[in-house]
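Below: the structure, in structure tokens.
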Amino acid sequence: EEEARLMNPVVLAYIGDGVHTLYVREKLAFSSTAKSGELNKREAKIVCANAQAKAANALMEEFSDEELAIFKRARNSKKGSKAKNSTAGDYVKSTGFEAVIGYLYITGQTERLNFLLDKAENFAVE
């Protein structure tokens with residue numbers, strides 16, 4: 001846990017992005033008979049900066065003190081890239097959200113991770 005807490009928050013976000021993507025892809029694959037192209041379109045609406053920023057805004061009150069600290073560190077950190085299909089504000093919030101997901105994954109907090117990811121699905125961009 002201490003090692004995860006000390007990791008670069010952008011690296012936590014990098015891990016969190018992969019975890020979030022795999023979570024959504026697996027859920028879509030097991031709940032649909034759609035082909036991969038259609039599944040990818042659905043996934044993109046859930047795992048995008050805009051949807052993650054909405055989820056972060058809604059879930060922030062539910063974040064533990066540790067999760068909130070990680071979110072803020074990632075949100076405020078210097079990024080290696082810039083927002084492509086979202087506002088700068090949504091991009092930094094999505095980075096914070098992804099960092100929390102990465103932290104929970106690395107520390108093995110599966111139940112908490114699944115709880116947040118289930119809730120995050122409600123904020124898919126239409």
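The values are calculated or read from the model by the stated rules, or taken from the named source; none is laboratory data. Quick caveat: nothing in here was measured; it's all calculated off a predicted structure. Don't worry about glycine lacking a Cβ; one is built from the backbone with ideal geometry, like all the others, and counts go over all protein chains shown. For accessibility, only protein heavy atoms count, side chains too; no ligands or nucleic acids. Shrake-Rupley method; radii C 1.70, N 1.55, O 1.52, S 1.80 Å.
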Beyond 20 Å, what percent of the Cα pairs of the chain remain? 38 percent
Any idea what angle helix 49-59 forms with the longest principal axis of the chain, computed on alpha-carbon atoms, 0 to 90 degrees, nearest 10? 60 degrees
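Restricting to DSSP loop positions (anything but H, G, I, E, B) with no more than 12 other Cβ atoms inside 10 Å of their own Cβ, which GluC sites (Glu not before Pro) remain in segment 1-34? Show your work: numbers first, answer last.
Values: sites: Glu1, Glu2, Glu3, Glu26; in loops: Glu1.
Those satisfying the criteria are Glu1.
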Total charge dipole magnitude, the chain, about the Cα centre, Cβ charges on Lys, Arg, Asp, Glu only, Debye to nearest 20: 680 debye
Just name one of Phe30, Ala69, Asn40: the one whose Cα is farthest towards the positive end of the charge dipole of the chain (beta-carbon charges, Lys/Arg +1, Asp/Glu -1). Asn40
Dividing the mean separation of Cα pairs under 8 Å (6+ apart) by the residue count of the chain yields a relative contact order in percent of 43 percent
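As a check on your grasp of the helix formula, calculate [θ] at 222 nm for the chain: sum -39500 (n - 2.57) over DSSP H runs of n ≥ 4, divide by the residue count, round to the nearest 500.
Values: 7 runs with 92 residues, N = 126.
Helices in the chain give a 222 nm mean residue ellipticity of -23000 deg cm²/dmol.
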Accessible area of the chain belonging to carbon and sulfur atoms, whole % at 1.4 Å probe: 52 percent
Report, in degrees rounded to the nearest 10, the 0 to 90 angle that the Cα long axis of helix 88-106 makes with the longest principal axis of the chain. 80 degrees
